[in-house]
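The values are calculated or read from the model by the stated rules, or taken from the named source; none is laboratory data. Please read all numbers here as calculations on a predicted model, not as lab measurements. All Cβ positions, glycine included, derive from the backbone under ideal geometry; neighbour counts span all protein chains shown.
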């Protein structure tokens, strides 16, 4: 049985300015030990979807519809005390800004140990021992003394590791990492990603990685879903996403990645900005920014379909893209091209680092 | 999908084509940028707050009464001839002393037969004006002082703020009493007393704002714009600081008014027969503190005190509303352009 | 750094402030157009100009003001505050005999304020936007706006005079006796009301601010109960800002005692202060004002220390 199955999740925020459709009909699955990525620009609803898994959506937000099945049980139907059993225990979250995610007035050790005591019913001493072990595992040197240190006494990268340790403390089945490396420099980022990968292998923990950074996705994930304006626009296994993208937004994202050594003057971007989620464009929400948009795109909101068959993509399907091209409704088609330069193993390409 | 692996290049995603073509649908980017000017939103919030409206009306009403209760003469010239008090506030024995409230005397009479309603109405003059005068003086001085301290920073700042710290070491009322004792009783003495203790809060407030801006914008300004830091400071400090200063001012008016009335009550404010609310209560204290008696003549102490209470509460409602409206805008920069941050 | 060093450092910093407090007090009193000699001489109808000069010399009023200040300060540090002309013995004695009354009243006011404000503030924050919150805020508005002397008078009038639950005058019993403590409830409530209202608002604001922070979501994400999240995580952070404000309220309570003691006839320093002001007894006024300043500086010191105890980040900033 799949570990996590999200079916048709819709989350709305009722603000004085209007109703914000933060997440609209999101469906995906994660298997045990799998590393799943959710990609999108800021404001695309990625974090909201993560918070929904733990039912941490507060006023004025509401989970309108959908199911979230963890090992078959619907989290949205659970009582308050049941969901608290899930939080931190079976699903845990690594927050984006480690500094603000840690309570400044309690020691780092205490913040990890309290979850252990709460969920696993360890004694104080046992919880402390386990915490020190965890701190060690995530790569914090001198773990025993560092146990009694306060968050502000750690560097950014170390704080992030603490937050990871906090999440792993009760051996969760699923780890949600919300932009875990965005606040970090590149070197630390690489280390943290490595850390996450090895921890996932070691503890057989599934990871749902949320990020806007395609590079991070490429490093870590097995499968990906791309979100735009609260909706899923493409889902694919990682290699397929990069070498055979189907949705124009994905293509645009990849086209905007700057390349070192190509001698281009201007950075390419996707023109325009993400719409605010109160007034979403008619039809396909991407049409104002899509180079291949046609009249049909303003009228029909494309469903997520299997690009090969054009049939609606269910949660089991590996690939999906929500573009009218794949239901045969576009007249001019998508005129992009993906070319691959094979890399000769001995010669590094200009500008690329030696690993 | 290509079976090759290596460096990926995407071609054919033409951003320019998007920019140059005609709009496909009604939806446009511009729709989103119509963010209402923050200031307008603040004002709208304030007006929406019912308590603020009530407070505002009460204050306006009292202001009206203050002006029109009795005629005003400046240097022999009658500036304001209208007098809406039913009786002369100083005239004694217009009815029996300590007469209970009735149709002719809605607030009763005091111990020497003066009409309470008239006296209470005139009392607005003292309280309302002193509140405004003191706050304006203290606020102006404090803002300038704090501005200088914050702008120059360094040793100047440290020294000036030390003085502020020391003023804060005393309760305002205590200092005010000392000053009044030294200077004597009367309107302007009271103004000096309360202004001299009130300015410190504003000084601290403004200096705090300047420091905040210095921490953020200064770095930006120094790097990007060279020597333009003075303009940047001014441009960012003034709009940001106005708001807390206004909130502080409205809340302070209440404190000052109560303070003045307290001194009147203690017998060291205005002279004994002045129709100031606190002094009036003091004059009638014996109606309560007569040991073993019952509280018959409640109106002579309840009405003046209630007036104080209502006025201060009204000012606080307004201050609260402004405060809430500002909070609702979050901690974001209200900058001079009036637009978004 | 260690807590001990922090405390020592704060104490050190307080000393110049205390000095400054004494200078201001002294300066204020001597800045006025009034003259001590006039005040004293005014009591004696037979005084001649020669007497004035003699008295001036005696009191050392012809010396430069900073010498007068140093004299006064050195005397004061030894407990000698000078003579009180109209009211009897030394100023110092007066203070010594009266300060317990004021401190007791202050404590009452404080306790009342804290007991009401903190739970109400927490409650209002948790119920933000709902009826409970609105009611609490309105009640707080009441508390801040009501003039304390009027509140005291009304309480006296209703409960003591009209309903006879309390005696209208101070019981002649030992300070800590049950009758006295019961009697102090009325003045205590009067003093505490304004402080309590202020504190409650600060508590609420502080809690609301904290509850929006990410560590709260993180704590919830760990599966902790809402009660733990609020009372363990949020409260400790909120108390930090509340503590500083609470110290400021000492000033308010001191000012309040000046008025409230007079209303109720409570023989403490506050009432003494007013009596001194009316009689223009400079030495006494000086002494009490200084006392007030010192008390508040001490209160701020305590607040600083508490702050450091609660927030580990502060200790490291120094």
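With respect to being within 14 Å of chain B (Cβ to nearest Cβ) and either at pLDDT below 80 or surrounded by fewer than 24 Cβ atoms within 10 Å (Cβ to Cβ) (or both), residue A:334 fits the description. Of the residues making up the range B:149-184, those that are closer than 17 Å to residue C:282 by Cβ and in contact (Cβ under 8 Å) with a residue 60 or more places away in the chain are B:176, B:177, B:180, B:181. Here the condition is being closer than 24 Å to residue B:311 by Cβ and buried (at least 19 other Cβ atoms within 10 Å of the Cβ); of B:171, B:101, it holds for B:171 alone. Kindly indicate whether residue B:2 is more than 14 Å from chain A (Cβ to nearest Cβ), exposed (fewer than 15 other Cβ atoms within 10 Å of the Cβ) and either in contact with a helix residue (DSSP H, G or I) (Cβ under 8 Å, 6 or more places away or on another chain) or at pLDDT below 70 (or both). Answer is no for this residue. Scanning the range A:148-158 for residues that are touching a residue at least 24 places away in the same chain (Cβ under 8 Å) and within 12 Å of chain C (Cβ to nearest Cβ) turns up A:148, A:149, A:150, A:151, A:152. Of everything listed in (1) part of a helix (DSSP H, G or I); (2) out of contact with any strand residue (DSSP E or B) (no Cβ under 7 Å at 6 or more places or on another chain); (3) surrounded by fewer than 24 Cβ atoms within 10 Å (Cβ to Cβ), the single unmet condition for residue A:242 is (2).
Among residues that are over 17 Å from residue C:260 (Cβ atoms), crowded, with 20+ Cβ neighbours inside 10 Å and either at pLDDT below 85 or more than 14 Å from chain A (Cβ to nearest Cβ) (or both), residue C:201 is included. Tell me whether the range B:270-288 contains one or more residues that are part of a helix (DSSP H, G or I), crowded, with 16+ Cβ neighbours inside 10 Å, facing another protein chain (nearest Cβ under 9 Å) and at pLDDT below 85. Within the range B:270-288, one or more residues are part of a helix (DSSP H, G or I), crowded, with 16+ Cβ neighbours inside 10 Å, facing another protein chain (nearest Cβ under 9 Å) and at pLDDT below 85.
Results for (1) part of a helix (DSSP H, G or I); (2) assigned by TED's automatic domain parsing to the domain that holds residue C:294; (3) over 18 Å from residue B:180 (Cβ atoms); (4) modelled with pLDDT under 80, shown as yes or no for each residue.
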position: C:12; (1), (2), (3), (4): yes, no, yes, no
position: C:16; (1), (2), (3), (4): yes, no, yes, no
position: C:20; (1), (2), (3), (4): yes, no, yes, no
position: C:24; (1), (2), (3), (4): yes, no, no, yes
position: C:27; (1), (2), (3), (4): yes, no, no, yes
position: C:33; (1), (2), (3), (4): no, no, no, yes
position: C:43; (1), (2), (3), (4): no, no, yes, yes
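Look at the range A:310-327: where a residue is over 18 Å from residue A:248 (Cα atoms) and a partner is assigned to a loop (DSSP other than H, G, I, E, B), sitting 6+ places away or on another chain with Cβ atoms under 8 Å, you get A:312/A:303; A:312/A:304; A:312/A:306; A:317/A:306. Taken over the range A:47-78, the criterion of being under 29 Å from residue A:122 (Cα atoms) and within 13 Å of another protein chain (Cβ to nearest Cβ) is satisfied by A:50, A:51, A:52, A:53, A:54, A:55, A:56, A:75, A:78.
Picking from residues in the range A:84-101 that are part of a helix (DSSP H, G or I) and more than 8 Å from chain C (Cβ to nearest Cβ), the one that is surrounded by the most Cβ atoms within 10 Å (Cβ to Cβ) is A:98.
Taking (1) over 23 Å from residue A:328 (Cβ atoms); (2) within 7 Å of chain B (Cβ to nearest Cβ) in turn, residue A:281 satisfies each apart from (1). Of the helices (runs of 4 or more DSSP H) entirely within the range A:136-229, those holding at least 1 residues that are in contact with a strand residue (DSSP E or B) (Cβ under 7 Å, 6 or more places away or on another chain) and surrounded by fewer than 21 Cβ atoms within 10 Å (Cβ to Cβ) occupy A:186-203, A:214-220.
Annotation note: of A:39, A:19, the sole residue that is surrounded by 21 or more Cβ atoms within 10 Å (Cβ to Cβ) and in contact (Cβ under 8 Å) with a residue 60 or more places away in the chain is A:39. Which residues, counting only those in the range A:307-330, are assigned to a loop (DSSP other than H, G, I, E, B) and away from chain B (no Cβ under 14 Å)? Hits for the range A:307-330 are A:309, A:310, A:311, A:313, A:314, A:315, A:316, A:317, A:322, A:328, A:329. All conditions but one from (1) touching a helix residue (DSSP H, G or I) at 6+ places or on another chain (Cβ under 7 Å); (2) modelled with pLDDT of 70 or more; (3) at the interface with chain A (Cβ under 10 Å from one of its Cβ atoms) apply to residue B:21; the one that does not is (1).
When the range A:112-122 is filtered for residues that are facing chain C (nearest Cβ under 8 Å) and either surrounded by 24 or more Cβ atoms within 10 Å (Cβ to Cβ) or outside any helix (DSSP H, G or I) (or both), only A:115 remains.
Which of the residues belonging to the range A:289-306 are crowded, with 23+ Cβ neighbours inside 10 Å, within 13 Å of another protein chain (Cβ to nearest Cβ) and within 26 Å of the chain's Cα centre (by Cα)? The answer is A:289, A:290. If you go through the range C:122-149 and keep only what is surrounded by 19 or more Cβ atoms within 10 Å (Cβ to Cβ) and more than 20 Å from residue B:317 (Cα to Cα), you end up with C:122, C:149.
Does residue A:276 satisfy the criteria of being surrounded by 14 or more Cβ atoms within 10 Å (Cβ to Cβ) and within 14 Å of chain B (Cβ to nearest Cβ)?
The answer is yes for residue A:276.
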